[in-house]
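Chemist: Following this message is one structure expressed as structure tokens.
The values are calculated or read from the model by the stated rules, or taken from the named source; none is laboratory data. It should be emphasised that the depicted structure is a prediction, and the values quoted were computed from it without experimental measurement. Here Cβ is always computed from backbone atoms with ideal geometry, including for glycine, and neighbour counts include all displayed protein chains.
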Amino acid sequence: MFSNMFTIAQRTITQILRDPRTLVLIIIVPLVIASLFGVSIPDKMILNMTLPAMLATLILFFGFLLSGIAFLRERSLGTRERLMASPVSRIDILGGYLLGFLLFAILQTLILFFYSVYVLKVDFRGELWQIILFQILIGILAVSLGIFISAFARNEFQMVQFIPLIIVPQVFVCGLIFPVSQLPDYLQWLAKFLPLTYGIDGIRALMLEGKGLGDIGKEISVLVAYAGGLLILAGISLRRGHSA
Amino acid sequence: MKESAIKIENVEFNYGHLKVIDHVSLEIPKGISFGLLGSNGAGKTTSIRLMLGLLKPNKGNIFCLGREPSPANAVNTGYMPQLPSLYNELTVRQNIDFFAHIYGLKNAQQRRKRVDEIIQLVELMPKRDVSVVQLSGGMKQRVSLACAIVHQPPLLFLDEPTVGLDPELRVHFWEYFENLTAAGTTLVISSHTMDDAAHCRQLAFMREGKIIAQGTPAELRAAVGKPDASLEDAFLFFIRHGEVKSNVQ
Ligand SMILES: Nc1ncnc2c1ncn2[C@@H]1O[C@H](COP(=O)(O)OP(=O)(O)OP(=O)(O)O)[C@@H](O)[C@H]1O
Ligand SMILES: [Mg+2]
């Protein structure tokens, strides 16, 4: 039943694997950014405090970028139209992409996390598997966000404009730089609607406070709801009869 | 009478305020090659997209093989878009295999056999494991055709399949198309060359979203009224006599 979905997932993965330069960049770029972050904060205490939020932000950013651009490229190459003319359903297309890009998002997540722990020697509390699971959830959100935005962007230029619009405000508002509670009221209000707020809250609770997934049910449900909502909206934009 | 492969009733389609398809009605019998002829912007690609269900008409009805176009119906159709729409990083074989799979050839062994056959048919055996990005334009065109026909659909839409092909390959493509119709496949082919038109069993001349004439190549030539009129003459004739003729049929 899901065979088309897996075929599409497999195809997206093969595409990236056959493009060694992209593959190397997918692996190297997170390491470069994490290293820069590590050396730019020489104080170990502060690094320990800030790194979880940075991890959440980078996972969101890389996952969004990768899936957004790739999904858009399919439109500009005309292969999307070809897919839409085939018997595959929208669920197959969205699910296939989600699975395919999730693989790379997870890869980046693991690289970032283990590099932070073993090379930057960042301390963390909480269960390892729970932290990774939560990071994968952020990865799912990132991929959904990328697919959603690129379903609306009509070309590469529009997509590139969306990157700062979607990512930068979240960096400022969602607690990466300053705690949300110290922001002006209207920004605190805005932060409530931005998914990264919940990603950062959740990962801090796990890594800094040593809490478990059971304690961050709210953050998890918001992220799941967000990802689901974005995929549904992306699916609506993929209706036959409306593709171009 | 033979059942028709495609039936278009009074279809109108707009891109925004631009009327691109203007009250088109058309019936395409099964098992023939049907040529949609027209200049740039006449609405050929849009018509094909409508028949595939990629676009929905603002007015009128479209039936493909007796049903409205839908994903469930799509296994029975093949589509070669105007531009070779392929996955550049993937090899020739991987591209064709992907489309074979999503069009329902699930059995890996059968699929492999079929994909090899089709690669042989479009004469790309030596290039089968080369990335599409490294192929010439005409080779991409052949891969694109292969992706459209690998599942042997009864109804095939080819949007300007012969553009950019060398003369030898053009002859080859047409030989192949004739084999397909002989085996019962219905072909809808868009083109702006009269060379292609001459190969089609039936033609529709399109201009500015309207069908200005329709019939067999012989009928259309005869309508000009000169004994040795070419299809080119016929096309120009109908453009000039735009209003007069739409009942030639
Ligand atoms: N996505 C689009 N948005 C707006 N207008 C469009 C779009 N695609 C096509 N058109 C317009 O629709 C009309 C018909 O275009 P269409 O692509 O169907 O022509 P065509 O007969 O296939 O031409 P060609 O021989 O150049 O391929 C043109 O006037 C074109 O400008
Ligand atoms: Mg066209």
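Chemist: Counting residues that are touching a residue at least 40 places away in the same chain (Cβ under 8 Å), which helices (runs of 4 or more DSSP H) fully inside the stretch A:146-244 reach at least 2? Quick ask: steps written out before the conclusion?
Modeler: On the way: elements: A:156-173, A:185-191, A:195-207, A:217-237.
Because the criterion is at least 2 residues that are touching a residue at least 40 places away in the same chain (Cβ under 8 Å), the helices (runs of 4 or more DSSP H) in the stretch A:146-244 that meet it are A:156-173, A:195-207, A:217-237.
Chemist: State yes or no: is B:Val122 aliphatic (A, V, I, L, M), farther than 15 Å from B:Glu168 by Cβ, touching a helix residue (DSSP H, G or I) at 6+ places or on another chain (Cβ under 6 Å) and not assigned by TED's automatic domain parsing to the domain that holds B:Val163?
Modeler: Numbers: aliphatic (A, V, I, L, M): yes; farther than 15 Å from B:Glu168 by Cβ: no; touching a helix residue (DSSP H, G or I) at 6+ places or on another chain (Cβ under 6 Å): yes; not assigned by TED's automatic domain parsing to the domain that holds B:Val163: yes.
No, not satisfied.
Chemist: Which numbered condition in (1) surrounded by 20 or more Cβ atoms within 10 Å (Cβ to Cβ); (2) within 13 Å of ligand 1 (Cβ to nearest atom) is the only one that B:His101 fails?
Modeler: (2)
Chemist: Given the structure, is A:Leu17 touching a Leu at 6+ places or on another chain (Cβ under 9 Å), at pLDDT 90 or above and not charged (D, E, K, R)?
Modeler: When the stated conditions are applied, A:Leu17 passes them.
Chemist: So which of B:Arg114, B:Arg142 is over 25 Å from B:Lys7 (Cα atoms), modelled with pLDDT of 95 or more, buried (at least 17 other Cβ atoms within 10 Å of the Cβ) and away from every other protein chain (no Cβ under 13 Å)?
Modeler: On the way: B:Arg142 fails: modelled with pLDDT of 95 or more.
The unique qualifying residue is B:Arg114.
Chemist: Determine whether B:Phe13 is of a type in the set (Phe, Trp, Tyr), within 12 Å of chain A (Cβ to nearest Cβ) and away from ligand 2 (no atom under 13 Å from the Cβ). Please lay out each step first, then the result.
Modeler: Numbers: of a type in the set (Phe, Trp, Tyr): yes; within 12 Å of chain A (Cβ to nearest Cβ): yes; away from ligand 2 (no atom under 13 Å from the Cβ): yes.
Yes: the conditions hold for B:Phe13.
Chemist: Within the stretch B:181-195, how many residues turn out to be away from ligand 1 (no atom under 16 Å from the Cβ) and crowded, with 21+ Cβ neighbours inside 10 Å?
Modeler: 3
Chemist: Those residues that are in the same structural domain as B:Leu220 (by TED's automatic domain parsing) and within 12 Å of ligand 2 (Cβ to nearest atom), I need them from the stretch B:38-81; list them, please.
Modeler: B:Gly38, B:Ser39, B:Asn40, B:Gly41, B:Ala42, B:Gly43, B:Lys44, B:Thr45, B:Thr46, B:Ser47, B:Ile48, B:Arg49
Chemist: Could you check B:Asp166 against (1) within 30 Å of B:Arg112 (Cα to Cα); (2) surrounded by 16 or more Cβ atoms within 10 Å (Cβ to Cβ) and say which number it fails?
Modeler: (2)
Chemist: Does the stretch B:17-55 hold any residues that are of a type in the set (Ser, Thr, Tyr), modelled with pLDDT of 95 or more and either farther than 22 Å from B:Thr186 by Cα or more than 12 Å from ligand 1 (Cβ to nearest atom) (or both), and which are they? Write out each step before concluding.
Modeler: To start, the set of residues in the stretch B:17-55 that are of a type in the set (Ser, Thr, Tyr) comprises B:25, B:33, B:39, B:45-47.
Checking the rest, the ones that are also modelled with pLDDT of 95 or more come to B:33, B:45-47.
Across the stretch B:17-55, the qualifying residue is only B:Ser33.
Chemist: Quick one: count up the residues across the stretch B:56-85 that are surrounded by fewer than 23 Cβ atoms within 10 Å (Cβ to Cβ), at the interface with another protein chain (Cβ under 8 Å from one of its Cβ atoms) and within 13 Å of ligand 1 (Cβ to nearest atom).
Modeler: Qualifying residue count, the stretch B:56-85: 1.
Chemist: Would you please list the contacts, defined by Cβ atoms under 7 Å and residues six or more apart or on different chains, that run from a residue in the stretch B:33-55 that is within 14 Å of chain A (Cβ to nearest Cβ) to a residue that is within 13 Å of ligand 2 (Cβ to nearest atom) and among the small types (Gly, Ala, Ser)?
Modeler: Close Cβ pairs satisfying both conditions: B:Thr45/B:Ser190; B:Ile48/B:Ser190.
Chemist: While we're here: Picking from A:Gly95, A:Gly78, which residue would you name as being facing another protein chain (nearest Cβ under 7 Å), modelled with pLDDT of 90 or more and surrounded by fewer than 22 Cβ atoms within 10 Å (Cβ to Cβ)? Spell out the reasoning first.
Modeler: Values: A:Gly95 fails: facing another protein chain (nearest Cβ under 7 Å).
On inspection, the qualifying residue turns out to be A:Gly78.
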